[in-house]
Amino acid sequence: MNYGLDERKKELIEDLKAKGYIRSKKVEEAMLSVPRELFVPDDKIMYTYEDQPLMIGLEQTISAPHMVAMMTELLNLNEGDKVLEIGTGSGYHAAILSKMVGSGGKIVSVERFEDLAKIAEENLKKAKITDVKIVVGDGSLGYKDDAPYDKICVTCAAPDIPPPLIEQLKPGGRMVIPIGVYFQELVVVNKDEDGRITKELVGSVVFVPLIGRYGFKSERF
Ligand code: SAM
């Protein structure tokens, strides 16, 4: 059953534009072109275009559409960018990032759960997105093999910015990362051409924890 998904998608995107989460034509087009229903478990398809996170198994979530839009806008992505995502989850945000950087770009996405990485791979295949490299591992260590990155998008909350992510960000690069324990702030991290770091807090958010060497030690913070 289709549940009028295409209509609902258009309505949601208009709403995200009206609320200022989608600000650019490029993000609008990316969100219009990726069918979020392919990244949502079958029993939740009717909620695909509600602006809410949905459970995807292993106590993890696909982020709410407004959060995907907001983080994508904040990354200031360019055609051809190489992007590291930490927390593949369903693969939906990686799909949006892939649309943003085009065929000359590259998305590397790290997920700690092998089962989710497999599901994300299948979801991306269904969406005919073939240029996302999914890696199973501890994303708090980044992913050295493809470093440095133009942009880094962290989709789980860390206690602080993991040092390997700062190292693997190119000079002139940008990272968006939720930081905090119970109260999390979305932080935009810029690295200037001399390697200096500046941080800007852009608002309160709620994410599942980043679990790993430079993250939290357990799911309960
Ligand atoms: N970007 C995802 C999407 O579009 O569906 C949503 C990500 S979900 C909010 C956060 C993800 O981060 C979960 O899948 C979780 O397993 C993963 N995660 C947590 N700690 C991690 C780590 N150290 N390395 C990689 N992934 C991690």
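The values are calculated or read from the model by the stated rules, or taken from the named source; none is laboratory data. What you see is a predicted model; the values in this text were computed from it and never measured. Heads up, the Cβs are rebuilt from the backbone with ideal geometry, glycines too, and the neighbour counts pull from every protein chain shown. For the accessible areas, the whole protein counts, side chains as well, though only heavy atoms, and no ligand, DNA or RNA atoms are used. Shrake-Rupley method; radii C 1.70, N 1.55, O 1.52, S 1.80 Å.
The aspartates and glutamates whose alpha-carbon is closer than 17 Å to the alpha-carbon of K144, local same-chain residues fewer than 8 away aside, are D81, E85, E111, E167. For region 59-103 and region 148-221, what is the separation of their C-alpha centers, rounded to whole Å? Measuring centre to centre over Cα atoms gives 14 Å. At most 14 other Cβ atoms within 10 Å and a DSSP loop assignment: could you name the chymotrypsin sites (Phe, Trp or Tyr not before Pro) in region 2-97 that fit? When the chymotrypsin sites (Phe, Trp or Tyr not before Pro) of region 2-97 are filtered for loop state and at most 14 Cβ neighbours within 10 Å, Y3 remain. The dipole here belongs to region 1-120: it is taken about the Cα centre, uses +1 on the Cβ of Lys and Arg and -1 on the Cβ of Asp and Glu, and is about 400 debye.
Please list, short to long, the whole-number percent of alpha-carbon pairs of the chain in consecutive 10 angstrom bins beginning at zero. Binned Cα distances yield the sequence 9, 36, 40, 14, 1, 0. Pairs exceeding 21 Å between alpha-carbon atoms, taken from K10/K151; K17/K44; K25/K133; K99/K126; K125/K217: K10/K151; K17/K44; K25/K133; K125/K217.
Check each of the GluC sites (Glu not before Pro) in region 58-120 and keep only those in coil by DSSP with at most 11 other C-beta atoms within 10 angstrom; list them in order. Passing sites in region 58-120 are E59, E79. Comparing mean-square fluctuations of A18, A120, A147 from a GNM of the chain with C-alpha springs under 10 Å, the top value falls on A18. Once the 1.4 Å probe is applied to the protein heavy atoms, the chain comes out at 47 Å² accessible per residue. The protection proxy used here, the mean number of other Cβ atoms lying within 10 Å of each residue, ranks peptides 211-217, 193-199 as follows, highest first: 211-217, 193-199. Using a Gaussian network model of the chain in which every pair of alpha carbons under 10 angstrom is joined by a spring, one finds that among R112, R36, R23 the greatest mean-square fluctuation is at R23.
Build a GNM of the chain with springs between Cα atoms under 10 Å: which of M175, M55, M31 gets the top mean-square fluctuation? Checking each option, the largest mean-square fluctuation is seen for M55.
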